[in-house]
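Below is one structure, written out as structure tokens; the observations come after it.
The values are calculated or read from the model by the stated rules, or taken from the named source; none is laboratory data. What you see is a predicted model, and the numbers here were worked out from it, not measured in a lab. Every residue, glycine as well, gets a Cβ built from its backbone with ideal geometry; the counts of neighbours run over all protein chains shown.
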Amino acid sequence: MITQDQLKEVKDRTEQLHRYLDIDNKKIQYEEEQLRTQAPGFWDDQKRAEAQMKLVKGLEKWLKGYAEVKTLCDELDTAFEFYKEELVTEDEVDAIYAKAITAIEELELKNMLRREEDSMDAVLKINSGAGGTEAQDWAQMLMRMYMRYAETHGYKCVVSNLLEGDDAGIKSCTLEIQGEFAYGYLKSENGVHRLVRVSPYNAQGKRMTSFASVFVTPLVDDTIEVNIEQARISWDTFRSSGAGGQNVNKVESGVRLRYQYKDPYTGEEEEILIENTETRDQPKNKENAMRLLRSILYDKELQHRMAEQAKVEAGKKKIEWGSQIRSYVFDDRRVKDHRTNYQTSDVGGVMDGKIDAFIKAYLMEFAE
């Protein structure tokens, strides 16, 4: 049975959320923005209308999220009083308390995702490290982990590109994970992931270490302006491989986009290479490749802003995006995040997509 102090904590956190989220002003803003969608000719400019609808839906989700927390808080308060009169059982009160705490924690976590890009879909690219078949198998295991995570959270996951390994596993893959705050949560996965296990591909049964890198960028839509110089783009086409019937290896539906990027701040140049084999339709694949290019360029601008902010806030803990972030030690039944020191012995659960605790620990420590 919960205590009076636990009930007070739920009430206090609910009130703090009301204040942090500025619920009263959000209600006024929601009504004003909703009225704009009813103006004559609202859909004449479809791009602008879609941006407005996105704003309205975003406000509505915050209001609904808080309304759920407030309802559960009130229900808990009532149930606590009813228990004194023996109208409800201890188990019923505890069940409402568990629901209230879960809803509060979820909303508190979302409140940490304040940046414009946090609410966007995510592009997640996995590359196997050196080590041949063992590393490629590890990359495929990570791919499955993120696909299971997406499935569990109701996100749509699209494999936009896949390069299979020589004997097993994959050399690289690109996943588009679409859903509310997908990038905000998955940005915590950016970095190098290390596996330690007795390899099934080693005849001597030795313990081996493998690496795979994960790159996460926000997937921008047409409402985000990104400057792309058309003169710096070149295209190649190639025949897609894999399952697909008679069309495979006969039609050059796969596209390869090369963009000669020049950093506007440093003047450094690099070639951005994007391959897309998502569909059998070459024009559609070109469109998808351009969308991924916009996302990469947008992310580069974000990284510059973050670097500038880091200079100003030099006292804050630094996050090395390209460094080793997590170790998965199968034999010792341990997965540890080196940035937050959070760890778990549930290796099987983690590899089945249960990475929420790692994401929460990261956001609690590093989110603004």
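Overview of values
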| quantity | calculated |
| --- | --- |
| Residue, surrounded by the fewest Cβ atoms within 10 Å (Cβ to Cβ), within the range 49-62, restricted to residues that are at pLDDT 90 or above and of a type in the set (D, E, K, R) | K57 |
| Residues located in the range 244-263, provided they are assigned to a loop (DSSP other than H, G, I, E, B), of a type in the set (G, A, S) and either at pLDDT 75 or above or exposed (fewer than 12 other Cβ atoms within 10 Å of the Cβ) (or both) | S253 |
| Filter result for A135 (in the same structural domain as H193 (by TED's automatic domain parsing) and more than 27 Å from G179 (Cα to Cα)) | yes |
| Single match in E86, E81 (criterion: outside the structural domain of D352 (by TED's automatic domain parsing) and not in a helix (DSSP H, G or I)) | E86 |
| Wholly enclosed helices (runs of 4 or more DSSP H) of the range 278-368 bearing at least 2 residues at pLDDT below 95 and either more than 21 Å from M143 (Cα to Cα) or basic (K, R) (or both) | 282-312, 356-366 |
| Any pair with Cβ under 7 angstrom, 6 or more apart, that starts in the range 287-307 at a residue that is of a type in the set (D, E) and ends at one that is buried (at least 17 other Cβ atoms within 10 Å of the Cβ) | D299/T217; D299/P218 |
| Qualifying positions in the range 175-197 - surrounded by 22 or more Cβ atoms within 10 Å (Cβ to Cβ) and polar (S, T, N, Q) | S188 |
| Filter result for S188 (under 26 Å from D221 (Cβ atoms), at pLDDT below 95 and out of contact with any strand residue (DSSP E or B) (no Cβ under 7 Å at 6 or more places or on another chain)) | yes |
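Conditions tested, residue by residue: (1) modelled with pLDDT under 95; (2) under 16 Å from T3 (Cβ atoms).
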{"residue": "K64", "(1), (2)": "no, no"}
{"residue": "D74", "(1), (2)": "no, no"}
{"residue": "K84", "(1), (2)": "yes, yes"}
{"residue": "A103", "(1), (2)": "no, no"}
{"residue": "L107", "(1), (2)": "yes, no"}
